[in-house]
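> One structure, pasted below without further comment.
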Amino acid sequence: MMTVSEIIDQFGGPTKFAAVIGKNPSTASEMKRSGSIPVRYWPAIIHSEKGRAIGLTSDALVAAHVSNAGSEVAA
């Protein structure tokens, strides 16, 4: 299961990920730091990912966020 940070890295890092979601790199960097991508960006991410070979689906995005939430609870 991928983390949010790994998902952003799979797109080539915050700058390239920011281009996919139509935001500036600092926004993408904050998403990576916080481990959370707002749901409103998921359709653009999934659509853009279709040309990539990382197998990103809405289920994978949910799993990445559940994983992050679990680590916050455990801390």
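> Residue by residue, what Karplus-based ³J(HN,Hα) values in Hz, rounded to whole numbers, does region 8-22 have, using 6.51, -1.76 and 1.60 with θ = phi - 60° and x for Gly and Pro?
Working through the residues one at a time gives 4, 4, 5, 7, x, x, x, 5, 6, 5, 4, 5, 5, 8, x Hz.
> Find the percent of Cα-Cα distances in region 1-49 that exceed 15 Å, and round it to a whole number.
Looking at region 1-49, the distances longer than 15 Å represent 31 percent of pairs.
> Give a residue-ordered list of calculated ³J(HN,Hα) values for region 26-37 (Karplus: 6.51 cos²θ - 1.76 cosθ + 1.60, θ = phi - 60°; whole Hz; x for Gly, Pro).
Calculated HN-Hα couplings, in order: 5, 5, 5, 4, 5, 4, 4, 5, 7, x, 9, 10 Hz.
Each value in this text was obtained by applying a stated rule to the coordinates, not by laboratory testing. Not measured: the values here are computed from a predicted model.
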